[in-house]
Amino acid sequence: MAEHRRARRSALTAIVAVAALGVLSGLAAAALGDTQAPATTASAVPVVTVTAEPANDPITAPSVEPSITTAEVEVSPSFDLDARSIDDPSSAWVVVNKHRPLDPATWAPPELERIPGGSEMTPEAAAALITMRDAAADAGAGFSIGTAYRSHGFQAGLYADYVAQWGRERADTFSARAGHSEHQTGLAADVYQSSACRLKPCFGEEPAGVWISEHGHEYGFITRYPDGLADVTGYRYEPWHVRYVGVDLATHMHDEGIATLEELFGLEPAPTYQ
Ligand SMILES: [Zn+2]
């Protein structure tokens, strides 16, 4: 996100600087008189390299002369965060949390594919998960797949059972209310290595958990509920819960060190239901 904004700001500043240069050269020409004006920059537009710091903006700090080079304006590569919808439940970028229910709440993916372990995912997520599972197995970090897609009705029953057993407040810390579960998107799956660490934080220390945290993005997956970020995501550390967002987005988050979809898209933290 920061990089994204920085790139935009950098591009804007560069445009402002070029415009300012035009004004400055016009003033210089006026001072010299038109007939004595030196060859203008019209035939070879100078390219200005500026930093993104406002203090160096020649508009606000006219005493600072922009350096003119023949290099092109350098703009850091940016990532288009508007490329896909975060609201449409059929989008691989959909953001679902305690403030953002699926719309409609009873939504179900139009197409689901059976995956090893007996659950289902959208075809794109299913293919990616199977590829990731095979790669992990080749690396000696094989894992099994537990639950992936859960329907609205199934989630409602599951949540009701947890509430009956633990109470609503406690249940909300580990189970989503129907319409608020990533599992309902068909893009998320719970995976495990040993049964001892199934659905437990210690999965993150098993070879499969370590491998997924290092390589998941290469297959389009993020760990949706990282350690220590329950105040943002609404859930405690769930290293076993992998969420498909596509390779581009997952890699962007990995490379930029962005831990949550909320941070990435500038969404409000969603620790509890509103
Ligand atoms: Zn899960």
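Overview of results
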{"read-out": "Fraction of alpha-carbon pairs over 16 Å apart in the stretch 134-223 - percent", "value": "60"}
{"read-out": "For the stretch 175-233, fraction of C-alpha pairs farther apart than 19 Å, in %", "value": "37"}
{"read-out": "Solvent-accessible area, 1.4 Å probe, carbon plus sulfur percent, for the stretch 86-149", "value": "47"}
{"read-out": "Cα-based Rg of the stretch 113-264 normalised by 2.2 N^0.38 Å, two decimals", "value": "0.99"}
{"read-out": "Å² of accessible area per residue within the stretch 132-200, as computed with a 1.4 Å probe and no ligands counted", "value": "45"}
{"read-out": "Residue (of 208, 186, 118) at the positive-pole extreme of the stretch 113-264, dipole from beta-carbon charges", "value": "118"}
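The values are calculated or read from the model by the stated rules, or taken from the named source; none is laboratory data. Please read all numbers here as calculations on a predicted model, not as lab measurements. Quick reminder, even Gly has a Cβ in these numbers, built from the backbone with ideal geometry, and neighbours come from all protein chains shown. When the accessible area is computed, the model is the full protein with side chains, heavy atoms only, and any ligands, DNA or RNA have been set aside. Shrake-Rupley method; radii C 1.70, N 1.55, O 1.52, S 1.80 Å.
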